[in-house]
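Q: Structure in C-alpha cells, see below.
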Amino acid sequence: MKESKIITIILSIILIILIPLGVYYYFVSEFIYNILISIITGVIVSIITALCQYFVIKGKIKNNIFNCYFDMYKAIYVSKHKKVLFHYPVLNIYKKLLVVSDELSKNLSEYSSFLPTKKNKLYKKLNPTLNPNFDKFNIKNLSKLILPLNSKEFNELIMPMQKELNNILKNINTEKFEKEFTDFKKLYIMLNK
C-alpha cells in the first residue's frame, strides 16, 4: 500500500512538471509536443494503475482487520456458549488473542493513507483506542480465568471485551458484521445440536 501511495505521489509530481512543458512545446515544436503527450499519457495510465492497486490493497487490509476482530468475537461467543456449571473455557480465547494480535499489528503496519493517521477516519475505525479498566484487567484477575468456577471473572473481563469488539465491528461495517454473525450463529447452532 505504501509503495502504491509513493508511486502515485511521484507520478503526480512528474505529471505536474510535464503539463506546462507540453503547453510550452505546443507552440514551439510539434515533434517534442507529440513526445511529451505520449509520456503524459503513460504517466496518467500509471497513476490510474497505482491508484487502483492502492484501493485494492486498502480494501484487502480493511477486510483482514475486520476478520481479525470477528475471529476474536467468535472465539468469545463460542466460549460463552460452552459454559459448564460456573466455568467458561478460555484457552481458545487466549490462543485466538495471540494470533489476532499478530495479524492486527501486521495489517495495521501495512496500512498507509494519503492523510496523516490522526486525521484518517478509516484508520481510527480499524485501530480504535481502547482504554481497559486496569483495576479489573490485571494479571491477578486474568490468572483467575484459568481456574475452575471462573464465571465472575469471565463476566468482568471477557464480556466487556466482546462488547468492545461488537462496537468496533459495527463501526467498520455494520451490514457485513450482522450478516456474517447471523451466518455464524446458524452454523454454530447446527453443529452443536
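The values are calculated or read from the model by the stated rules, or taken from the named source; none is laboratory data. Note that the coordinates shown come from a computational prediction; the quantities given were computed from them, not determined experimentally. In this analysis, Cβ positions are derived from the backbone assuming ideal geometry, glycine residues included, and neighbour counts consider all displayed protein chains. Surface accessibility is based on the protein's heavy atoms, side chains included, excluding ligands, DNA and RNA. Shrake-Rupley method; radii C 1.70, N 1.55, O 1.52, S 1.80 Å.
Q: Once ligands and nucleic acids are excluded and a 1.4 Å probe is used, how much of residue 41 is accessible, expressed in Å² to the nearest 10?
A: Roughly 80 Å² of residue 41 is accessible to a 1.4 Å probe.
Q: Rank 68, 52 by accessible area, highest first, at a 1.4 Å probe radius? Each step should come with its number before you reach the end.
A: Values: 68 10, 52 80 Å².
Listed by decreasing accessible area, they come as 52, 68.
Q: Computing the accessible area with a 1.4 Å probe over protein heavy atoms, can you report the carbon and sulfur percentage for the stretch 41-119? Walk me through the numbers on the way to the answer.
A: Details: 3030 of 4640 Å².
Of all accessible area on the stretch 41-119, carbon and sulfur atoms account for 65 percent.
Q: Relative contact order of the chain, please, whole-number percent, based on alpha carbon pairs below 8 angstrom and at least 6 residues apart. Mind dumping the intermediate values first?
A: Values: 137 pairs, mean separation 45.1, N = 193.
About 23 percent, as a whole number.
Q: Ignoring everything except DSSP H segments at least 4 long, calculate the 222 nm mean residue ellipticity for the chain; use -39,500 (n - 2.57) per segment, divide by total residues, nearest 500. All intermediate terms of the calculation are to be shown ahead of the outcome.
A: Working: 6 runs with 144 residues, N = 193.
Estimated from H runs of four or more residues: -26500 deg cm²/dmol.
Q: Now, a different point. Which entries in the list 121/170; 80/185; 58/176; 62/193; 125/179 go over 22 Å, if you measure between the two C-alpha atoms of each?
A: Values: 121/170 14 Å; 80/185 13 Å; 58/176 17 Å; 62/193 34 Å; 125/179 19 Å.
Result: 62/193 exceed 22 Å.
Q: Ignoring ligands and nucleic acids, what accessible area does residue 45 show with a 1.4 Å probe (Å², nearest 10)?
A: About 80 Å², rounded to the nearest 10.
Q: A further question follows. Keeping every protein chain in place, order 193, 58, 152 by accessible area at 1.4 Å, biggest value first, i.e. largest first. The partial results should precede the final answer.
A: On the way: 193 195, 58 50, 152 130 Å².
From most exposed to least exposed: 193, 152, 58.
Q: Please work out how much accessible surface residue 159 shows to a 1.4 Å probe, ignoring ligands, DNA and RNA, in Å² rounded to 10.
A: 50 Å²
Q: Follow-up question, since we're still on this one. Against the longest principal axis of the chain, how steep is helix 2-28, in degrees 0 to 90 to the nearest 10, with axes from Cα atoms?
A: 20 degrees
Q: Normalised by the number of residues in the stretch 51-137, what is the relative contact order in percent for Cα pairs under 8 Å and 6+ residues apart? It would help to have the intermediate numbers written out before the result.
A: Details: 43 pairs, mean separation 26.7, N = 87.
31 percent.
Q: For the Cα atoms of the chain, what angle does the longest principal axis make with the long axis of helix 30-81, in degrees from 0 to 90, nearest 10?
A: 0 degrees
Q: Output the direction-averaged projected area (hull surface divided by four) of the convex hull of the alpha-carbon atoms of the chain, in nm². All intermediate terms of the calculation are to be shown ahead of the outcome.
A: Details: hull surface 57.7 nm².
One quarter of the hull surface, i.e. the mean projection, equals 14.4 nm².
Q: Per residue, how much accessible area does the stretch 1-97 have with a 1.4 Å probe, in Å²? Don't jump to the answer; show the numbers that get you there.
A: Working: 6020 Å² over 97 residues.
Accessible area per residue: 62 Å².
Q: Mind checking which aspartates and glutamates have their Cα closer than 15 Å to the Cα of residue 163? Skip sequence neighbours fewer than 8 apart in that chain.
A: 71, 178
Q: Based solely on C-alpha atoms, express the radius of gyration and the Dmax of the stretch 1-52 in angstrom.
A: Just the Cα atoms of the stretch 1-52 yield Rg and Dmax of 12.3, 40 Å.
Q: So, in nm, how far is label residue 87 from label residue 44 when the simple model puts each one 7 Å beyond its Cα toward the Cβ?
A: 7.0 nm
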